[in-house]
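The values are calculated or read from the model by the stated rules, or taken from the named source; none is laboratory data. Worth saying up front: this structure is predicted, and the values here are computed from it rather than measured. We place every Cβ from the backbone using ideal geometry, glycine too, and count neighbours over all the protein chains shown.
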Amino acid sequence: MTTGERRKVEGRPSPVLKRDLNEDQLMALADLERFGWELKFIRRPMFQQPVPVVFDSSRKHYAVLNLDGSLDENPGFDIRK
C-alpha cells in the first residue's frame, strides 16, 4: 500500500473552480491575481455556501473570498501544510 500524496498540484485554477464564484468574487479575484494571489480550492461545507480560498504568491498567507467580494484574512480555520 502506498501512502504518497494524493492531492494534485495544478499550475492554474481550472475554469471549474471559477464557475462557482459570483460576479463580486470574480472581480475581486481578478484584482488579487494582479498582485500574485491565486484561487487554490473551494471548500464545500455541508449545507453551507462554498468557501473560495486564495493564496498569495509565496503560499504563506491565505484568505477567503466572501460573497460580497471582500477578503477575509482570518477566516477561522487552518489550512493543512
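Observations
- Selection count, segment 38-81, where residues are on the phi < 0 side of the Ramachandran plot and either among the β-branched types (Val, Ile, Thr) or not in a strand (DSSP E or B) (or both): 28
- Qualifying residues in segment 35-61 (those that are of a type in the set (Phe, Trp, Tyr) and over 8 Å from the mean Cα position of the chain (by Cα)) - the one farthest from LYS18 (Cα to Cα): PHE47
Residues checked against (1) among the aromatic types (Phe, Trp, Tyr); (2) in contact with a Lys or Arg (Cβ under 9 Å, 6 or more places away or on another chain); (3) modelled with pLDDT under 80:
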| position | (1), (2), (3) |
| --- | --- |
| LEU17 | no, yes, no |
| LEU21 | no, no, no |
| LEU29 | no, yes, no |
| PHE47 | yes, no, no |
| SER58 | no, no, no |
